[in-house]
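Contents: one structure, followed by commentary.
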Amino acid sequence: MFDRLWPLDRSLTGEGVRKTHDVLAEYLPLERIEVPAGTQVFDWTVPPEWVQREAYVIDPEGRRILDVAENNLHLVGYSAPFRGELSRADLDEHLHSLPDVPDAIPYVTSYYHHTWGFCLSQVQRDALPEGTYQVVVDTAFDSDGSMTLSETILPGETSNEVLISTYTCHPSMANNELSGPLVTTFLYRRLAALPNRRLTYRFAFLAETAGAVAYLAQRGEHFKQHLVGGLVATCVGMDAPPLYKRSVGGETAIDRATEQVLRERGAEHKVVDFYPWGSDERQYCSPGFELPVGCLMRGNFFKRPEYHTSLDNKDFISFAALSETISIYEAVCMALEHNIKYRNLVACGEPQLAKYGLYPQVGARRQVEQERQDLMWLLSLANGKRDLIDIAGRSGSSMERLREAAEKCQAAGILDEIEETI
Amino acid sequence: MFDRLWPLDRSLTGEGVRKTHDVLAEYLPLERIEVPAGTQVFDWTVPPEWVQREAYVIDPEGRRILDVAENNLHLVGYSAPFRGELSRADLDEHLHSLPDVPDAIPYVTSYYHHTWGFCLSQVQRDALPEGTYQVVVDTAFDSDGSMTLSETILPGETSNEVLISTYTCHPSMANNELSGPLVTTFLYRRLAALPNRRLTYRFAFLAETAGAVAYLAQRGEHFKQHLVGGLVATCVGMDAPPLYKRSVGGETAIDRATEQVLRERGAEHKVVDFYPWGSDERQYCSPGFELPVGCLMRGNFFKRPEYHTSLDNKDFISFAALSETISIYEAVCMALEHNIKYRNLVACGEPQLAKYGLYPQVGARRQVEQERQDLMWLLSLANGKRDLIDIAGRSGSSMERLREAAEKCQAAGILDEIEETI
Amino acid sequence: MFDRLWPLDRSLTGEGVRKTHDVLAEYLPLERIEVPAGTQVFDWTVPPEWVQREAYVIDPEGRRILDVAENNLHLVGYSAPFRGELSRADLDEHLHSLPDVPDAIPYVTSYYHHTWGFCLSQVQRDALPEGTYQVVVDTAFDSDGSMTLSETILPGETSNEVLISTYTCHPSMANNELSGPLVTTFLYRRLAALPNRRLTYRFAFLAETAGAVAYLAQRGEHFKQHLVGGLVATCVGMDAPPLYKRSVGGETAIDRATEQVLRERGAEHKVVDFYPWGSDERQYCSPGFELPVGCLMRGNFFKRPEYHTSLDNKDFISFAALSETISIYEAVCMALEHNIKYRNLVACGEPQLAKYGLYPQVGARRQVEQERQDLMWLLSLANGKRDLIDIAGRSGSSMERLREAAEKCQAAGILDEIEETI
C-alpha cells in the first residue's frame, strides 16, 4: 500500500490526490467530497485545481534533469506554467536547496504566490554547469476544478462521535505524510472489526489547512454537537516515543483519554500543551470551534533535518512503529468508547459481592485480589458523576480492567450507565 | 478495662458483643440497638445470631486442645455446629495456621459460608500426632436473635454532628480492635467534661461492615442532613505516626480539620487518599451517602505480620500511644468545634484595636507580637465566607490561638459568627 | 524635589503635611481633601491636628540639644506640650534610642496615648551628663484642625480605574517614605504624557492608616464599582529586587498584571501572599472592601536596621533604583491598560494572514518568526473570554508584543475588543 501511494503526485488539489483516494478506497469505504475551486470557506477561498502534466529542465549538455516524473519533489508545488531558455544564473533564482542538508531535495510549495521553481539537492545544484537551460513547466490552474476530500463513518450505538483526521496533500514523503493515512486506514479496519461500538467513528482524509477549513465549513456545526474527541494523525511513523499535543481546552475527554492510555502503557512519552502551529488541530481548535481535538505524534519530527525533504522516505520510517501507533490510537478510541459514567445501583453501603457471584474465586491470588479491588474501586466511585477515566486515574487501575469489572456488575444488575449526549 | 474486654467472645453477633457493650456501658451511657436477624439492610441481610457454647478437640492421647475457652481465636468465627471423630488428615482440612508466622494463631471467620474450623499456630499444627480426634463444636444459629449495636450522643448547642464510629466484633485482639473502643470511650469522657459544646457528638459501637450498613439504614438520612464530619476509630494503639485516610470527598471539613491538626502537631504523620477497602469509612463513603467520614489510624497495621492474629495482643499496643491518640482525636473534634465562619463587624478599614482594649500588652515580646498578629489575621480574613481552618491554613497560626483571638473579638463586640446548618 | 521635601515636619496631620503637598502640587495637579478633626471614619476618629512650634532640651551645661529644628526625628510624633526642669533620671524616662543601632535616631510616634518624648542616638544618650535639664515641648492639639489628603485623576476612555496610593505622614526619612511620593509623582507624569489612556488613573497622597481609612470612607464605594487594580507605593527606593505582596484576593487583575510584568522583566524578584500588616493595602483589602490592591516594594526594608531611623536617609536610597521603580510601575499600569479581552472575528478556522497583509515580511528571520507566532497565539486564543495577561502567560510572549499583534489585527479588521466595565 505504501509503495502504491508513494509515487503519486499529491498536492493541495489535483489528480494525484484523487488517485491517492482511489487507492485508499480499496482498503476502506470512502465518500468523496469535491469542493469546487473558488468556494469561499470561512476566511479561505479554495484555489484553482493544479494540473501537473510534465516539468523538467534540459541542461546545457542536453540532459533532462529535475524531472518531476523521476521525483515529484523536484517541482515547487503549485508552480505556474513556464517554458523558456535561461542562463545558469537566471535559473538559479528559481532553485531551492538546503546547504545544511546537502543530499536532500527540499519540499517547497507556493500555493498563493504564483511563481515556478525546482527543488534539488545542494550537491546537484553546486554541480550545475554554466550555460543555457531549457525549462519546461507544463502545468495549469483549472478554475473549474476542485479540492478533493474524503471521509467515512463507522456508525455506533450513539451519535457521539470520534474523529480521526489526516491529510493527503504532500507528495512523496513517508513520515509526513503517508504515515498518517496508513495509520488512519488500518485503525478503521480494527474498529470496523469490533462486534459493536458505542460511539460513531469518523475518518477524514483532507488537504492540510485549506482542506481542513473547507471540511469544517461542512462538518463544524455537526462536530460542535457530536464530537467527543478527535486526533490529528500526522508524523506517526518514527520509532520514537509518543508525543501528545493537547487540544486548546487542555482537559477535554480526548486529552484525558490519550494521557490515560499513555500512562497505562508505561513507556516513555511526552505531553505538551496546545500551541497554534502544527497541523490541522489548529483549525479544529480555532476559537470559533474549540473542538476537543489533539494531535498524537511519534517524536518531534519538525526539528529533524529530514523534515520536508526527500530524506523523509521509506527507510526513515518504521513499519513496526506504524503498527504500534495503530494500537495506541486504538487504545485511545477504546478509552473514549469505555469512558462511561456509571451509577452503582446498590449505592447505600457496600454491595454484598458474594450475593451476586462477584467475589472473584478462580485465578492466581494476585489476580483475584486485583479483580476484587477493581470491583470495589468501581462500585465505590460510581456515583453517576465520575467517568471511567476519572475512576482509572484515581484508582491506578486500567481502563480495560475497570471496564471488565463494569461488565460483570452490569450483568449482575448492580451497575447502570448514565446516558449522555455531548 | 482492657483486661475485662479482652477475653469476651466477640463476633458479628452474640452474647460476647452484649457483654462487651455491658462493660463499655459502665464507662459511658450507651443506648442499645438490637437489629433482628433476617432484617434486610440495603444490600445485606442481618445474619442469624451466633451462639457459642463450647468448642474444642480431644487429641489421640485424650488431651483437650484448641479449646475456645482458652483462646477464643481457636474457633473459626460463625463455625457451624459439629460433633464427630476425624482422622488427623480429615481434621487438617478444618485447620488454619500461618506458615510464615508460625507462632501466631490466625483470626478466621466464615460469616456467610457455613462450615466449621479451628485456628492454631503452625508450630502446634506440625506437632499434632496421627490418630483419631474428637471434635466438639457446640454452636448454634439463632434466627430469633439479633445483631447488637450501641450508640450515645453528647448533645451540643447545634444539631450539627460529629460521628466517632468504632466496632466490637473481633475477639481477643488488641490493636484491631480494642484500641478503637478504648479511644472512643475515653474521647467521650473528655468531650463530656467540656463546659459547653457547639456541636453534637455521636459515638457508635458497631459490627464492622454488616453493622455499619445496618446502622446507616437507621441513621444515614440523619447523617446526610447533620453530619459535619466523622472518624472511624480503628488500629489506633500502635506507637506509630498517625495515618489519616481521607474521606471519598477528600476536601471535606473532617479532612481539612484532621490535616490541620496533624500539621499543627508538627510530628511525623501521613495522609492518604480514600481507597475502597479498610474499615467502615467505606460504608459511610459509599456513593449513596458520600458522608464526610475519614479514618485516623496509627501506622499501617494491615501490612504487619501481627495483623489478624493472636500476636495482636496487649504487649503489641502501647497505652501511652492510646492516650496520645485520644488527644489527637480530641484536637480534631476541637478543630471542628471551632471551625466557625466569622464576620468582622468593623469590616471597612482596620479596626482600631486599642479602642477595644485588644492591643496585647502583657507578656513576653514574642508572645505579644504573636497575639497581635493572630488578631490581625483573624479580623483581616473574617469576611463571613472563610472558616477558621481556612484562616489557620493561610496564616500559619493555630486553631487554638485563632480561637482565642476570636473570643476576645467577640467579647469586644467586633466579631460575629455566621450561623450555619449543614 | 527630594531636598525640598526632606526637611518638612510631616506627621499624621499638620502644617508639615500641607507644605509637603504644596511642593508636590508643583509637579502634578492635586486636589486637597481636608478631613476635620473629630470626623468619624469607620472605626477611627480623625485626631486633633498636631501643631509643632518648637521643641528642645537645655542640658546642665546650658547647651540646646535634641532640637526638632535640627532633626525632626528628635521629637516623638504627637508629643503633648510640656515645659519643665527634670533630673537626668527623670528625663531618661522620656528618651528613646536603639542600643543595637547606636548611631541612629529612632522614629517614634504616640498618636493615641498622650505623652511627650525625645529620640536620640544611643551614643548621645550615653553621653548625657547628670544634672538638671530644661525641657521645652511647645506643641498643641487643635480640635478645629484637620487631616490633609490629596488626590489627582488622569482621566481615560473608560471609568475603569487604577489607583496608586502613597503616604506623606513620616518626617525626614527617605525610603520610608519619600520614595513613595516621588515614584507616584513621576509615574503620574509618565502616564500623563501618553497620547491616550483606556483606563482612568487615580493618585492618592494620604496619611498611613488613619488617612487611608478616611480616604476609603469617601472613595470606597466608588472603588468597589470601578477599581481594576491598585498599588501601594512604599519603600521603593532601595537598589534591591522588586518584592510584590499580593492583594488579599491573590489572583486579581493587579496580581496577575504585576506578576506578568516581573516575569517578563526576567530579573530577580519575589512575590508573597497577602499578610495583614504592612502599609495601606491592609485598609484596601479589609473584609468590607477586599479591593484588588497589592503592594510593590523593593527589597524587604522592614527587616533592615535603617528602618524607622535617621539612617533611612538620602544616602540609603538610590535614585537609579527609584527611576527603575517608576518604569516597573509604569509597566504594570500598561499591563492593565492593555489587558483587554479580544475576540477573533475570523474565528472559524485559521485566518489567512496573507490576505490581510499580516504575514510579517521584513526583518531578521528570528524576529519575523516571532511576529508570526505572536499573531497566531493571539488569534488562536482570542475567544472573547481570555484577557491579554492570560494569553501572555500561556504563550510565553510579552504583553507588549501581543499588544502590537493585537493592534495589527484590529487595523486589519479581524480582531475586536470586548467592552467591559468592572
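Working only within region C:220-241, note down all residues that are surrounded by 24 or more Cβ atoms within 10 Å (Cβ to Cβ) and either within 14 Å of chain B (Cβ to nearest Cβ) or more than 22 Å from residue B:348 (Cβ to Cβ) (or both). Residues satisfying the conditions are C:232, C:233, C:235, C:236, C:237, C:238.
Cβ contacts < 8 Å: first residue modelled with pLDDT of 95 or more, restricted to region B:19-31; second residue surrounded by 15 or more Cβ atoms within 10 Å (Cβ to Cβ) and of a type in the set (Asp, Glu), any location; separation 6+ or different chain. Result? Listed pairs, sorted by first residue: B:30/B:151; B:31/B:151. Please state which one of B:197, B:190 is in contact with a helix residue (DSSP H, G or I) (Cβ under 7 Å, 6 or more places away or on another chain), farther than 27 Å from residue B:316 by Cα and of a type in the set (Lys, Arg). Just one listed residue meets the conditions, B:197.
The residue that is nearest to the other protein chains (Cβ to nearest Cβ), counting only those in region C:354-393 that are in a loop (DSSP other than H, G, I, E, B) and without any contact (Cβ under 8 Å) to a residue 24 or more places away in the chain, is C:359. Taken over region A:7-36, the criterion of being surrounded by 17 or more Cβ atoms within 10 Å (Cβ to Cβ) and either of a type in the set (A, V, I, L, M, F, W, C) or over 26 Å from residue A:71 (Cβ atoms) (or both) is satisfied by A:8, A:12, A:17, A:24, A:28, A:30, A:33, A:35.
Screening residue C:31 on (1) in the same structural domain as residue C:98 (by TED's automatic domain parsing); (2) acidic (Asp, Glu); (3) within 24 Å of the chain's Cα centre (by Cα) shows it passes everything except condition (1). Applying a threshold of 8 Å to beta carbon distances and a minimum spacing of six or more residues, or different chains, the list of pairs starting in region B:121-150 at a residue that is within 15 Å of residue B:61 (Cβ to Cβ) and ending at one that is among the hydroxyl-bearing types (Ser, Thr, Tyr) and part of a strand (DSSP E or B) reads B:130/B:87; B:131/B:87; B:132/B:87; B:133/B:87. Once region C:300-353 is narrowed to residues that are closer than 28 Å to residue C:404 by Cα and polar (S, T, N, Q), the residue that is farthest from the other protein chains (Cβ to nearest Cβ) is C:323. Quick check on region A:107-116. Is at least one of its residues more than 19 Å from residue A:139 (Cα to Cα), within 14 Å of chain C (Cβ to nearest Cβ) and assigned to a loop (DSSP other than H, G, I, E, B)? Checking region A:107-116: not a single residue is more than 19 Å from residue A:139 (Cα to Cα), within 14 Å of chain C (Cβ to nearest Cβ) and assigned to a loop (DSSP other than H, G, I, E, B). When residues in region C:55-98 are screened for being among the small types (Gly, Ala, Ser) and in a loop (DSSP other than H, G, I, E, B), 5 of them pass.
When region B:265-282 is filtered for residues that are within 14 Å of chain A (Cβ to nearest Cβ), free of Cβ contacts under 8 Å to residues at least 40 places away in the same chain and not in a loop (DSSP other than H, G, I, E, B), the ones remaining, listed by number, are B:272, B:282.
For region C:177-200, the candidate set comprises residues that are in contact (Cβ under 8 Å) with a residue 60 or more places away in the chain and farther than 21 Å from residue C:20 by Cβ; within that set, the residue that is surrounded by the most Cβ atoms within 10 Å (Cβ to Cβ) is C:199.
Tell me, which residue of region C:200-210 that is under 16 Å from residue C:40 (Cα atoms) and in contact with a helix residue (DSSP H, G or I) (Cβ under 9 Å, 6 or more places away or on another chain) is nearest to the other protein chains (Cβ to nearest Cβ)? Ranking the qualifying residues of region C:200-210, first place goes to C:209.
Answer yes if at least one residue in region A:283-303 is out of contact with any Asp or Glu (no Cβ under 7 Å at 6 or more places or on another chain), assigned by TED's automatic domain parsing to the domain that holds residue A:177, charged (D, E, K, R) and not in a strand (DSSP E or B), and no otherwise. Yes, region A:283-303 has at least one match.
Taking region A:37-57, which residues are surrounded by fewer than 17 Cβ atoms within 10 Å (Cβ to Cβ) and touching a residue at least 40 places away in the same chain (Cβ under 8 Å)? Walk me through how you get there before you give the answer.
Within region A:37-57, the first condition is being surrounded by fewer than 17 Cβ atoms within 10 Å (Cβ to Cβ), and the residues that meet it are A:38-40, A:45, A:51, A:53-54.
Correct list: A:38, A:39, A:51, A:53, A:54.
Being surrounded by 19 or more Cβ atoms within 10 Å (Cβ to Cβ), more than 26 Å from residue A:197 (Cβ to Cβ) and in contact with a Phe, Trp or Tyr (Cβ under 7 Å, 6 or more places away or on another chain) is the requirement here; does residue A:358 meet it?
Numbers: surrounded by 19 or more Cβ atoms within 10 Å (Cβ to Cβ): yes; more than 26 Å from residue A:197 (Cβ to Cβ): yes; in contact with a Phe, Trp or Tyr (Cβ under 7 Å, 6 or more places away or on another chain): no.
Criteria not met by residue A:358.
Taken over region C:22-54, the criterion of being within 14 Å of another protein chain (Cβ to nearest Cβ), in a loop (DSSP other than H, G, I, E, B) and not hydrophobic (A, V, I, L, M, F, W, C) is satisfied by C:39, C:43, C:47. Taken together, A:249, A:237 contain a single residue that is in the same structural domain as residue A:331 (by TED's automatic domain parsing) and touching a Pro at 6+ places or on another chain (Cβ under 7 Å), which is A:249.
The values are calculated or read from the model by the stated rules, or taken from the named source; none is laboratory data. If you're wondering where the values come from, they're calculated on a predicted model, not measured in any experiment. A quick note on method: Cβ atoms are made from the backbone with ideal geometry, for glycine too, and the neighbour counts reach across all protein chains shown.
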